[in-house]
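Step one of this worksheet: look at the structure below.
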Ligand code: CP
């Protein structure tokens, strides 16, 4: 495989291979304290047309742990503000000799276009394209769920995972629904009807409109940020009413089974979809998701442009 654009391009075995490689790279680098020479002399460009904290920093760190040269491009402050097109930016990066481009863009399909338009020879990783997909976040989440709930198993058969909130605007939700179900998990989406995509009935998940009724069934719950910046209308009466119906607070978290974990891809709106008490509580694995993001991004880069060398 040359590019990582969508989890729907990954077979179950591809996903397991990335997760196993992430775990193995973490082991051989002693938790990241040792650098691997795999990408020495290769150039990774982080091309970010949208803001990011976790994804941009972890791709940078992952590339450096593999000894790559890393260039970070932020659309703000670049010639994009003067009207430069995606194609001309791509041709500029090609002329500079990029081996891999990690792209975040507000338009669904931008990563696919960069990979397949014939402008570049580089590998492309989708770091989030509008409402479409965020494959490395879903891989980070799968690695986190595996570490906590299935440390010795190959896949997620028997697990029920809830994804709660603004599914309509969430690329993380879409990538997770397809990836977690491909690993055998039962995925339940919990959302007000206004925040569900059309034709969700064709996605590999079930739908619930009641968080309270669903909580006792869940082994893991992923809370989604309400993405006000992608909303151009009123999707719920008020933040307070949204929070009352779909927010995870201490009382609701107490209805989860004892072993259940709480995830959030970040950034969080504390007090809206999740209270600070739950986000910082004992069930929360939110900082593990960030740490695992670094591991799966190393694995993706390693497998796409580092070659299948023996890391043992
Ligand atoms: N989860 C995620 O994509 O976070 P950032 O927007 O901070 O990268």
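The values are calculated or read from the model by the stated rules, or taken from the named source; none is laboratory data. The structure presented is a predicted model; accordingly, all values stated were derived computationally and were not measured. Positions of Cβ are generated from backbone atoms using ideal geometry, with glycine treated the same way; all protein chains shown enter the neighbour counts.
Selection of region 152-165 for residues being within 12 Å of residue 19 (Cβ to Cβ) and either without any contact (Cβ under 8 Å) to a residue 24 or more places away in the chain or not assigned by TED's automatic domain parsing to the domain that holds residue 218 (or both) yields only 153.
Yes/no matrix, rows are residues, columns are (1) over 23 Å from residue 11 (Cα atoms); (2) in the same structural domain as residue 111 (by TED's automatic domain parsing); (3) crowded, with 21+ Cβ neighbours inside 10 Å:
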site	(1), (2), (3)
167	yes, no, yes
170	no, no, yes
174	no, no, yes
192	yes, no, no
195	yes, no, yes
210	yes, no, no
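Summed over region 92-125, the residues that are at pLDDT 95 or above and either assigned to a helix (DSSP H, G or I) or not assigned by TED's automatic domain parsing to the domain that holds residue 55 (or both) give a count of 7.
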